[in-house]
Amino acid sequence: MATCPTDDVCRTLAPAEEVERVSAQLKAIAHPVRLQMLTLIAGADGEVCICRIQDRFDLSQPTLSHHASVLRDAGLIRSRQEGVWVHHSIVPEAFERVLRFLTDLLPVETREVGA
């Protein structure tokens with residue numbers, strides 16, 4: 001009976017808390033509307049008003065607010081109220097953590113040096 005050489009092949013599991021966080025972030029990113037919203041927010045100089053985001057979608061304000069809330073709850077964006085408008089900005093550290101987690105899934109020889 002053959003045995004699996006686990007010492008050579010298998011990695012240790014990532015911490016459960018990190019897996020839960022990254023999973024929630026990837027789920028938030030994976031929705032087409034939210035991914036487009038992130039593209040608009042990331043392309044802004046610092047932050048973008050929800051009114052500018054609304055102009056780009058054929059969706060109601062409550063629907064866009066829901067999507068922004070999902071992104072905010074996942075820690076991907078920050079929101080700041082100014083009068084009746086909400087301004088959103090990217091949380092770069094959140095994307096860096098997701099990218100680092102995903103990069104760690106690659107075989108060592110395919111990872112970029114210095115990434």
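Quick notes on this structure:
- Only one of the numbered conditions (1) touching a residue at least 40 places away in the same chain (Cβ under 8 Å); (2) in contact with a Gly (Cβ under 8 Å, 6 or more places away or on another chain) is not met by Phe101, and that is (2).
- Subset of the stretch 47-103 (residues that are buried (at least 18 other Cβ atoms within 10 Å of the Cβ), at pLDDT below 95 and under 21 Å from Glu18 (Cβ atoms)): none
- Which numbered condition Glu109 fails, given (1) assigned to a helix (DSSP H, G or I); (2) surrounded by fewer than 16 Cβ atoms within 10 Å (Cβ to Cβ); (3) modelled with pLDDT of 95 or more: (3)
- Annotation: of all residues in the stretch 50-91 being in a loop (DSSP other than H, G, I, E, B) and touching a residue at least 40 places away in the same chain (Cβ under 8 Å), the one that is nearest to the chain's Cα centre (by Cα) is Leu76.
- Within the stretch 30-46, the only residue that satisfies the criterion of being within 16 Å of the chain's Cα centre (by Cα), assigned to a loop (DSSP other than H, G, I, E, B) and either surrounded by 15 or more Cβ atoms within 10 Å (Cβ to Cβ) or of a type in the set (A, V, I, L, M, F, W, C) (or both) is Ala30.
- None of Ala14, Ala115, Ala2 is surrounded by 12 or more Cβ atoms within 10 Å (Cβ to Cβ), in a loop (DSSP other than H, G, I, E, B) and at pLDDT below 95 except Ala14.
The values are calculated or read from the model by the stated rules, or taken from the named source; none is laboratory data. For clarity, every value in this text was computed on a predicted model and none was experimentally measured. Using ideal geometry, Cβ is built from the backbone for each residue, glycine included, and neighbour counts are taken over all protein chains shown.
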